[in-house]
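**Q** The structure's right below; bear with me while I get my questions together.
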Amino acid sequence: MSYYYKYNFITPDIVYSTVKEELKSYFDTGAVDDLMFPTYLDKCLRKLGRTTYVISEEILYIEDFEARLPDNFFAVREAWLCTAIDGYPYRSANSFYSQADSATTIQVSPMTVGGQVCSHCNQSGCSGDCMPEIIQAVYKTNNERNVTYTKKYLLKPGNISVRGNCALDCANFGSSAPDSFDIRDNKFVTNFRTGTVYLIFYATEYDNAGNQMIPDNFRIREYIEAFIKYKVFETLSNQLTDETFQQIQQKLAYYKQLSDEAFIMADIEIKKQDVYAKQRRIEQDLNRFNMYELPNRINRYGWRRNN
């Protein structure tokens, strides 16, 4: 089982607004616009790597050697073959509301109570308004499902084409599992006919305006902002403006330098280990040479396994 850090993701509107406000004169005159901002954002995220994408989880039910991938699928991180085991049932998150349960049906008009027509008044068309103490019942139903799975082993990437849809940190690389998988035509294809696969993948998430979500990280946001400013002045350098070409080139070089420096800081930021990752690395270093210890060695005082 792998461990990973999940960023909080936000809309890039705040970055777009900052760029347009700081370069307000160029946008007000119509020299540039924000049409290419989503493209510039996509370049930034691809340059930083798949760490800047949302990590999602999905259960795939393989039928006839294949299953449909989620719509927001970008790349595989882990693919586990799962088997069903006996376990406790879990309640469905969906609820069904009705005016009848399994044993009683309530008629609205004329009102019936226990299968008998209301006789509080002698009017045949009584709707029950004269009996406010009788409230029509509503029943809520939650279904339970008794399905439990356990992860058995990692699936192996089947061929060269699937490696292009796997991240560089994909745990499936180097696996020695007998079963393999492939990705083509937005389908997850396996070499076994039926089964269950637990898929951890990189996904592309969008806000309500259709903008791709970005990690809520200061260094990453600073890099995206600096890169968009650099691309704005690159666009201006190819147009006729009130400024001289030399002035635009100086601004272009300045924002290009800011963009490169911001990329270095963002790249360092996403490679940093959190406290749990550092703890696991220290434990791995301590246990690295345990396999070479002699089990019957007694002259090394205090030796023990470090896990």
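**Q** In the range 208-233, what residues are surrounded by 14 or more Cβ atoms within 10 Å (Cβ to Cβ) and of a type outside the set (A, V, I, L, M, F, W, C)?
**A** N211, Q212, P215, N217, R219, R221, E222, Y223, E225, K229, Y230, K231
**Q** Can you find a residue that is assigned to a helix (DSSP H, G or I), in the same structural domain as D28 (by TED's automatic domain parsing), among the small types (G, A, S) and over 31 Å from the mean Cα position of the chain (by Cα) anywhere in the range 247-257? Give the steps one after another, and end with the answer.
**A** Narrowing the range 247-257 to residues assigned to a helix (DSSP H, G or I): 247-257.
Next, only the ones that are in the same structural domain as D28 (by TED's automatic domain parsing) stay: 247-257.
Those left that are additionally among the small types (G, A, S): 253.
Imposing the further condition that a residue be over 31 Å from the mean Cα position of the chain (by Cα) reduces the set to 253.
The answer is yes; a qualifying residue exists.
**Q** Another one. Out of the range 13-49, which residues are within 27 Å of Q273 (Cβ to Cβ) and touching an Asp or Glu at 6+ places or on another chain (Cβ under 8 Å)?
**A** V15, L48
The rows are residues; the columns are (1) among the aliphatic types (A, V, I, L, M); (2) surrounded by 11 or more Cβ atoms within 10 Å (Cβ to Cβ); (3) closer than 20 Å to K6 by Cα.
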{"site": "S237", "(1), (2), (3)": "no, yes, no"}
{"site": "D242", "(1), (2), (3)": "no, no, no"}
{"site": "I248", "(1), (2), (3)": "yes, yes, no"}
{"site": "L252", "(1), (2), (3)": "yes, yes, no"}
{"site": "D267", "(1), (2), (3)": "no, yes, yes"}
{"site": "I270", "(1), (2), (3)": "yes, yes, yes"}
{"site": "Q273", "(1), (2), (3)": "no, yes, yes"}
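**Q** Does at least one position in the range 217-234 carry a residue that is assigned to a loop (DSSP other than H, G, I, E, B), of a type outside the set (V, I, T), more than 15 Å from Y26 (Cα to Cα) and touching a residue at least 60 places away in the same chain (Cβ under 8 Å)?
**A** Going residue by residue through the range 217-234, those that are assigned to a loop (DSSP other than H, G, I, E, B) are 217.
Subsequent filtering for residues that are of a type outside the set (V, I, T) retains 217.
Next, from what is left, pick out any that are more than 15 Å from Y26 (Cα to Cα): 217.
Retained after the next criterion (residues that are touching a residue at least 60 places away in the same chain (Cβ under 8 Å)): 217.
The answer is yes; a qualifying residue exists.
**Q** Can you report the number of residues in the range 12-60 which are farther than 17 Å from A75 by Cα and surrounded by fewer than 17 Cβ atoms within 10 Å (Cβ to Cβ)?
**A** 18
The values are calculated or read from the model by the stated rules, or taken from the named source; none is laboratory data. Owing to the predicted nature of the structure, the values given are computational and were not obtained by experimental measurement. Because the Cβ atoms are built from the backbone with ideal geometry, glycine has one as well, and the counts that use them run over all protein chains shown.
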